[in-house]
Structures are given as C-alpha cells and as structure tokens.
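Notes for the one structure printed next.
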Amino acid sequence: MEIVSPGIGLILWMTISFTALVLILHRYAWKPILKSLHDREDTIEEALNTANKAREEMKDLKADNEKLLKEAQEERNIILREARKVKESIIEQAKTKANEEADNIVENAKERIEYEKMAAMTDLKNQIASISIEVAEKILEKELSRENKQEDYIKKLISDAQLN
Amino acid sequence: MVDAACVRVDTSKLYLYIVGVSYLEKFFIIWHIIYKFASDKTYSICHMNSLSILKKFKTVFFVVILTTVMVLSAFFTSIDVFSQHHESRQDEIELIEEEIAKGELDAGKMIIDHLIDSHEWHLWTYKGHHVSIPLPVFLIHKGEFHAFWSNKLAHGHHHKGFYIEVQGDNKGKVLSTIQDDMLDDEILREEGTSGLPIDLSITKNVLAILISSIILILIFTSVARAYKRRKDQAPKGLQSFMEPIIIFIRDDIAKSSIGEKKYEKYMPFLLTVFFFIFLNNLMGIVPFFPGGANITGNIAVTGVMAIFTFLITSFSGNRGYWTHIINAPGVPWWLKFPIPLMPVVEIVGIFTKPFVLMIRLFANITAGHTIILGFISLIFIFGNINEFLGLGVGIGFSIPFAVFMSLLELLVAFIQAYVFTLLSALYFGMAVEEHH
C-alpha cells in the first residue's frame with residue numbers, strides 16, 4: 001500500500017525543487033536556447049529569401065544581358081554590312097581613280113616620249129648636220145689641198161652660180 | 001493528494017490494466033513518432049548537415065554503450081537483490097519473522113522495498129554490513145521540529161523517540177514511539193492523533209530529485225552557452241543531441257497542440273517536464289548511485305507534476321473553456337437542466353485528466369521496474385531450490401529478459417516523457433483554444 005500513498009515530505013520537496021527547476025531552466029537555459037533557435041531560423045529564412053531574390057535578379061540580369069547581346073550583335077551586323085558597303089564603294093572609287101591616274105600617267109608618258117623623241121631627233125639632226133659639215137670640210141680640205149682642184153672647184157662653183 | 005483508502009483496490013490488477021492499455025498506446029505513439037521524423041522535411045533540412053557519417057558512427061557507439069550499460073545494470077541489480085536477500089536474513093530476528101523459518105527471499109517484499117522511497121540511500125551490503133548514505137531527517141511532531149541523520153534510525157534503532165516502521169500500513173514511515181503506544185487507544189486514533197509525525201525529511205527520492213535537477217541545470221546551461229558562443233552556426237556536440245529534441249517538443253508538441261500564437265508561454269514548463277521525466281526515467285533504470293531512485297515511479301512526484309499541469313490548465317483557461325465545462329453549447333438542454341449531467345461529467349473530467357497523467361507515468365515506470373526485479377528474483381527463488389538451477393535460470397532466462405525489459409524501458413522512458421508532455425500540451429491547448 002505504501003507504493004500508492006504519497007508522502008507529504010516528498011510532495012513538498014518535489015513542489016519546491018520542481019518550481020525552482022522550471023524557473024532556473026527558464027531563465028538560464030530555455031530562454032536563450034529558444035531565442036537562439038528562433039534567431040537562427042530567422043537568419044536561415046532570411047538567407048534563403050535573399051538567395052531567391054538574388055536568383056531572380058540573376059535571371060533578370062541574364063535576360064538583360066541576352067537582350068543586350070542580341071542588340072549588340074544586330075548592331076555589329078549592321079555595322080559590318082555598312083562597312084562592307086563602304087569598303088566596296090571605296091574600292092570602286094579607288095579603282096576608277098587608279099584607272100584615271102594610270103591613263104593620265106600613260107598619256108603623260110606618251111607625251112613625254114613624243115617630246116623626248118622629237119628632242120632626240122632634233123639633236124640627231126643637228127649632230128648629223130655638224131658631222132656632215134665637218135665631213136664636208138674635211139673633204140673640201142682634202143679636195144682643195146691641191147691647186148688644180150681648187151681651181152676646178154671654184155670654176156664649178158662659178159659655173160653653178162652662173163647657171164643659177 | 002490521493003487518499004490511500006480510495007486506492008485500496010488490488011493494485012497489481014490496476015497496473016496490469018494500465019500497462020495493458022498503455023502498450024497499445026505505446027505502439028501507436030512509436031509509429032506516430034517514426035512517421036513524424038520520417039516525414040518532417042524541415043527537420044531533415046535543418047539537421048542534415050549535422051548528421052555526417054561520423055555522427056552516424058557515434059550513434060552506433062552510443063547504442064553499444066547503452067546495451068553494455070543495460071547488461072551491467074542487470075548484473076548489478078542481481079547483486080543488489082542478492083545483498084537484499086542476505087540483508088533480510090541478517091535482520092530477520094527483529095524484522096520479518098516469517099523469513100526466519102523459511103530463510104527464503106520474499107520477492108514481493110523485495111520488489112516493493114526497491115520501488116518505495118527510503119530514509120537512507122543504500123549503496124551496497126558487504127559481509128552483512130550495510131553501506132548507505134545517511135540522509136537528514138526532518139520531523140514536525142506535536143508542534144516540535146526535530147532534525148537528525150537517518151543513520152540514527154538504521155536497523156530499527158530508536159532515536160529521540162522515533163523509529164522507522166518495518167511492517168504494516170505504515171511500513172517505511174517514521175513513527176513516534178510515544179504515540180505508537182497510544183495507537184491502540186481507539187479514541188486517540190479517531191481524534192486523528194496518530195503516531196505519524198509530519199515527515200519532511202530529505203529522503204532518497206528528494207536527494208535524487210535534487211541531483212537530477214542539478215544535472216539538468218548543468219546540461220542545459222552548457223547547451224545555452226553553446227548557443228551563445230556559436231551564434232547562427234550548426235549545432236555541435238551535446239547541443240546537436242539536444243536540439244532535435246527541443247525542436248521536436250516545440251514544433252510537434254507545443255505548436256501543434258497549443259497553436260502558433262500562444263505556445264511560447266508554456267514552453268519552459270513543457271521542456272522542463274519532458275527532460276525531467278526523461279532523465280529520471282533513464283536514471284531509474286541504472287540500479288546504482290546516483291541512479292536507482294524510483295522518482296518517476298513515485299506517485300507523489302508524478303502527482304506534483306500532474307498538479308502543475310492542472311493548475312496551469314485551470315489558470316490559463318479562457319472564457320470558452322469554462323463555458324464548455326459549465327454550459328457546453330450544442331448539448332441538449334435536458335442534459336444540463338434538471339440534473340446537470342454534462343456539467344458534472346465535465347467537472348469530473350477536469351480532475352481525471354491530471355489524475356490519469358499521474359497514474360500513467362507512475363504505473364508505467366513502476367511496472368517496468370517490477371518486471372525486471374521479478375525476473376531477477378526468479379534467480380534466487382530457483383537458487384534456493386538448487387544453486388545450479390538458480391545459475392541456469394539466471395543466465396538462460398532472467399538476465400536476457402531483464403536486458404530486454406531494460407531496453408523496453410529505455411523506449412518507455414522516452415515515450416512516457418513524450419506522452420506526459422504531449423497530454424499537458426493538449427490540455428493547455430484546450431484551455432486557450434479560441435471558440436467561435
């Protein structure tokens with residue numbers, strides 16, 4: 001029977017010590033533990049939220065980037081196309097100009113050649129003339145070195161002159 | 001508290017009934033807990049990083065240690081019982097006369113002796129000498145206060161006119177010799193002047209309560225310090241062992257029973273009750289000092305905790321709670337008016353709830369200890385017939401079954417702490433529920 005009859009002393013001590021235990025543990029253990037748990041859960045939740053937000057932002061950024069990239073590509077294409085056009089026109093222009101220039105040069109060269117030719121011809125003519133005179137002189141000298149020849153020649157010259 | 005006369009039913013039948021019911025309950029609860037743990041995603045997310053492979057090894061290590069402790073405890077219990085057996089022989093002349101003739105172990109007496117409170121903390125008996133821790137005895141008798149050490153009362157000695165009764169209804173209690181003489185006087189007894197002084201001694205159970213309180217304070221202040229030191233970091237060591245349990249109590253017991261808004265107020269009580277019952281259930285399984293005191297299997301202790309639950313429930317009861325008790329809505333008027341049947345049932349219900357809390361814990365723990373002690377007693381009962389038979393029964397039957405029961409008690413230790421906490425939380429939840 002003693003097993004189911006509670007002792008008054010034990011009830012008293014249990015009440016006192018259990019109350020004290022609840023109060024002490026509440027003050028020094030449960031309060032800080034539960035607070036830390038709560039704080040940590042908040043931190044984790046916040047971190048998760050931030051991560052989600054960052055992910056969203058990343059997504060947006062990625063989309064923006066892609067858009068930018070596309071735009072840049074298009075722009076590049078346009079620029080390239082224009083550049084090609086410009087290049088072609090420049091080449092075309094250069095070609096025409098070069099042709100013209102070449103024609104001019106050829107023309108000039110021809111003129112020059114003509115001129116030089118004429119100059120050379122005149123020179124040649126003069127030289128031929130002077131050489132002919134020298135030759136003539138030498139021949140005359142040689143012909144006229146003798147008396148009878150001189151006379152003959154003078155006679156001839158006179159006869160020529162009289163004939164004229 | 002409970003009047004002893006009211007409970008003068010066949011207690012063994014009462015135990016069997018409650019144990020029988022509660023084993024079904026246990027299996028339901030085990031299933032519930034496993035399901036909860038398995039399905040609780042937040043739990044697994046929050047604690048996945050702390051459960052490394054190393055930790056799993058630690059768990060295996062823990063289980064091995066526990067099993068070893070169980071085997072050892074069964075061994076020590078048997079030694080203890082053995083010494084008790086001899087002690088009863090040694091003291092037989094002045095104590096129990098039947099045993100003189102038989103020289104046999106009275107298993108029932110031995111078991112009860114192990115389950116009840118005591119004025120000294122018996123450690124061991126060596127060659128007939130009892131080695132006990134003497135505890136202070138405080139008595140108030142006839143308006144006078146007496147204080148002395150319990151060793152003055154050992155072995156049936158009388159001191160200052162007090163002695164410890166060894167048999168009868170007052171067995172184990174301190175009685176006054178002077179009054180004891182007058183006990184035969186019917187008139188005095190009827191006037192209520194019994195030989196029982198008011199006993200406020202620091203008994204074995206009181207000391208065990210103080211020891212376990214100190215252990216709890218040491219454990220949880222250190223855990224709290226770990227939380228402060230390692231702010232916002234994953235738990236480590238003792239902290240990571242306690243954290244899942246604390247979170248389990250907070251989320252699965254308090255939040256789900258009381259509600260998100262109001263649970264915080266009750267957390268200190270629920271956590272303290274849980275860990276107090278759990279620790280003392282475990283310490284109750286260990287048969288030697290500082291374990292071995294049957295605290296949670298003591299009706300005064302469970303009664304005080306049940307009274308706490310009752311008081312907290314009653315004081316936090318809102319208008320809706322009391323309305324449902326006095327004048328429950330939705331109940332036909334004829335159940336309330338000429339004969340207030342429903343209100344009476346409800347008011348009785350207020351008291352039966354904590355009463356059941358008290359009985360459930362007390363009976364579960366007591367039953368577990370009784371079974372283990374019963375198994376151990378078998379060794380000596382058979383040993384009295386033949387020594388080798390006793391040895392055979394001990395090795396072949398008693399020790400394996402005692403180990404098995406101890407393992408079961410480990411489970412019961414957790415489950416009963418859980419059930420007490422859960423039911424308290426449910427009662428608080430009923431008291432603060434918002435009725436529409």
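The values are calculated or read from the model by the stated rules, or taken from the named source; none is laboratory data. Note that this is a predicted model, so its numbers are computed, not measured. Cβ sites come from the backbone with ideal geometry, for glycine too, and all protein chains shown count toward neighbours. In case anyone asks, the SASA skips ligands and DNA or RNA and just uses the protein heavy atoms, side chains included. Shrake-Rupley method; radii C 1.70, N 1.55, O 1.52, S 1.80 Å.
Points worth noting:
- Karplus-based coupling profile of the stretch A:43-57, in residue order and whole Hz: 4, 5, 5, 4, 4, 5, 4, 4, 4, 4, 4, 4, 4, 4, 4, with θ = phi - 60° in 6.51 cos²θ - 1.76 cosθ + 1.60 and x standing for Gly or Pro.
- Report note on the peptides B:251-264, B:314-327: ranked by the mean count of other C-beta atoms within 10 Å, highest first, their order is B:251-264, B:314-327.
- What the stretch B:343-436 shows is 42 Å² of accessible area per residue, with the surface traced by a 1.4 Å probe over protein heavy atoms.
- Shielding by other protein chains, A:20-27, mean Cβ within 10 Å: 6
- Accessible-area value, residue B:230, 1.4 Å probe, nucleic acids and ligands omitted, Å²: 50 Å²
- Candidate residues A:5, B:406: accessible-area rank, largest first, probe 1.4 Å: A:5, B:406
- Taking amide hydrogens as placed 1.01 Å from N in the peptide plane, the amide H of residue B:149 sits under 5 Å from those of B:137, each at least 5 positions away in sequence or on another chain.
- Surface accessible to a 1.4 Å probe, per residue, for the residues of the stretch A:29-127, Å²: 90 Å²
- Each peptide in B:197-203, B:241-247 gets a packing score, the mean of other Cβ atoms within 10 Å over its residues, and the list from highest to lowest is B:197-203, B:241-247.
- Ordering A:87-99, A:32-44 by mean Cβ neighbour count within 10 Å, with the highest value first, yields A:32-44, A:87-99.
- 10 Å Cβ neighbours from other chains, averaged over peptide B:294-302: 4
- Alpha-carbon centroid distance for the pair the stretch A:33-56 / the stretch B:308-374, whole angstrom: 41 Å
- Accessible surface of residue B:157 - all protein chains present, 1.4 Å probe, nearest 10 Å²: 100 Å²
- Phi-based couplings in Hz for the stretch B:210-225 (Karplus 6.51, -1.76, 1.60; Gly and Pro marked x): 5, 4, 5, 4, 5, 4, 4, 4, 4, 4, 7, 5, 5, 5, 4, 5
- Whole-percent carbon and sulfur share, accessible surface of chain A, 1.4 Å: 58 percent
- Computed 3J(HN,Hα) for the stretch A:10-25, one whole-Hz value per residue from the Karplus formula 6.51 cos²θ - 1.76 cosθ + 1.60 where θ = phi - 60°, is 5, 4, 4, 5, 4, 4, 4, 5, 5, 4, 4, 4, 4, 5, 5, 5, glycine and proline marked x.
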